[in-house]
Amino acid sequence: MTTYYKGFPQSTREEKLHMVNLDELEHEAKYVMPEAAYYYVASGAENEWTWRNNTQAFNHFQIVPRALTGMQNPELNTEFLGMKLKTPVMICPIACHGIANAEAEIDTAKGAKAAGALFAMSTYANKSVQEVQSAVGDSPRFMQLYLSKNWDFNKMVIEESVKAGFTGFFLTVDALVSGYREANLRTNFTYPVPLAFFNEWNGGKGEGQSVAQMYASSAQNIGPDDIRKIKEIADVPVIVKGVECAEDAMLAIGTGADGIVVSNHGGREVDGAPATIDVLPEIAKAVRSCDHRVPIILDGGVRRGSHVFKALALGADLVGIGRPFLYGLALGGAQGVQSVIEQLNKELLIDMQLTGCKTIEDIKHAKIDHINYSADWGISSTSRSVMKPYPVTKENQLTGEAADAVSGASRH
């Protein structure tokens, strides 16, 4: 179940996950991930206000159920830039999947393929683009770019990715330096396993580096010309990742971007930045009104199928997940990643049925309210983080055959 790289434990689990909701996985992942690696994933910048509010802010919007729709059997199939997908949920790029599982990005890509989802891979990946190609063939996938100051390095990443079947790029523009990530400082986190592109380029600089050190070697001055440079190297779509206002969306589109990702880097950069779902409506309105309408992806805090529904209804074309799939990867490998996507799909289908939305396109026209409630945020009363031990009495315990049944009262 565990292998070691220079003493660093890596999960080798490969199994479908059984869960009630995605929040359960965050706790369970502690049992298979070392502390520094776990908190690299499960933390944000500074006081983590933005990190927390990315999820909480979904409660600022309410789904209006519809009755008498005469609809059944909703469908999740969708299309994005010519790619036919089985779900609107996609895998966002995150560095160093090897901290969660020894098969790293290979298993993540396999899980995404099994679920019919778009997979995006980081420049800071542990596995090579060639290894991913061998594992998943022509499945839908994009490469994320952390631009380097060295354009020879950038050219290598772009050309090798395209050759290995990656059909477009996410250009990350919101992480020019590392946010002040206190969890990383407290645990002295450094990338514990090799990063494939950096191994190939300079013999291993990447392994053993902190997040701040890695970002220091990347480009801190990214502008409109960089989109053009990427397109000169490879004639494929370039999506700008890290947009949080309409002005930047218009700037990106005017410079030739083929799409945008509404993202605050998972609350890891500017603490105090608004939640992505809160700024999505303004950005979507601006994009729809321009002459060159491009697709929109939203990420940040997505933990429920209802979150996916709200994002689609407020203007997104795809909805990205980050931390949950890494927990799934740690706990179940490729099948764990697939399980995470399927859990969101399961919840999303319920919301579609109860709102009369047959297709993903129908969700984009669903009725969403924006009402301020005093109880703005809460979690399920049966969440493990708040649920107290169930009282054990002579009167409430199952006996005999019932005690061996799968269902029934909790036994302690």
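Here, each number is a calculation from the coordinates, and none is a lab measurement. Quick caveat: nothing in here was measured; it's all calculated off a predicted structure. Positions of Cβ are generated from backbone atoms using ideal geometry, with glycine treated the same way; all protein chains shown enter the neighbour counts.
Worth pointing out:
- Under 5 Å between amide hydrogens, built in the peptide plane, is the criterion, and for Phe170 it picks out Met143, Gln144, Leu145, Ile239 among residues at least 5 positions away or on other chains.
- Mean Cα-pair separation over length for segment 2-369, i.e. relative contact order, pairs under 8 Å, 6 or more apart, %: 28 percent
- Cα-projected label distance for Glu75 with Lys388, points at 7 Å along beta-carbon direction, nm: 5.0 nm
- Highest mean packing comes first when the peptides 261-273, 49-61 are listed by Cβ atoms within 10 Å, giving 261-273, 49-61.
- Aspartates and glutamates whose Cα lies under 15 Å from that of Lys6, excluding same-chain neighbours fewer than 8 positions away: Glu207
- Computed over the chain, the quotient of the alpha carbon radius of gyration and 2.2 N^0.38 Å is 0.99.
- Bins of 10 Å, starting at 0 and running to the largest distance - Cα pair percent for segment 288-339: 24, 40, 26, 9, 2
- Estimated distance in nm for a label pair at Leu68 and Ser217, the labels positioned 7 Å out from Cα along Cα-to-Cβ: 6.5 nm
- Taking N as its residue count, the alpha carbon Rg of segment 84-153 over 2.2 N^0.38 Å: 1.10
- Segment 182-253, Cα convex hull volume normalised per residue, Å³: 133 Å³
- 23 Å Cα-Cα threshold exceeded, pairs from Lys84/Lys367; Lys127/Lys310; Lys149/Lys285; Lys241/Lys358; Lys16/Lys346: Lys84/Lys367; Lys127/Lys310; Lys149/Lys285; Lys241/Lys358
- Label point at Thr12 placed 7 Å out along Cα→Cβ; residues across segment 102-127 whose backbone nitrogen lies under 14 Å: 102-104
- Rg and Dmax over the alpha-carbon atoms of segment 1-109 stand at 18.5, 61 Å.
- Compared with the rule-of-thumb size 2.2 N^0.38 Å for a compact globular protein, segment 89-244 has a Cα radius of gyration ratio of 0.99.
- Extension gain, Gln56 to Cys290: 0.36 nm times the residue separation minus the Cα-Cα distance gives 81.2 nm.
- Taking the chain as a Gaussian network of alpha-carbon nodes connected by springs under 10 Å, the highest mean-square fluctuation of the residues Gln343, Gln220, Gln72 belongs to Gln72.
- Structure remark: mean-square fluctuation, Gaussian network model of the chain, C-alpha springs under 10 Å; the largest value among Met71, Met33, Met250 belongs to Met71.
- Largest mean-square fluctuation among Leu251, Leu331, Leu298, in a Gaussian network model of the chain whose springs join Cα atoms under 10 Å apart, belongs to Leu251.
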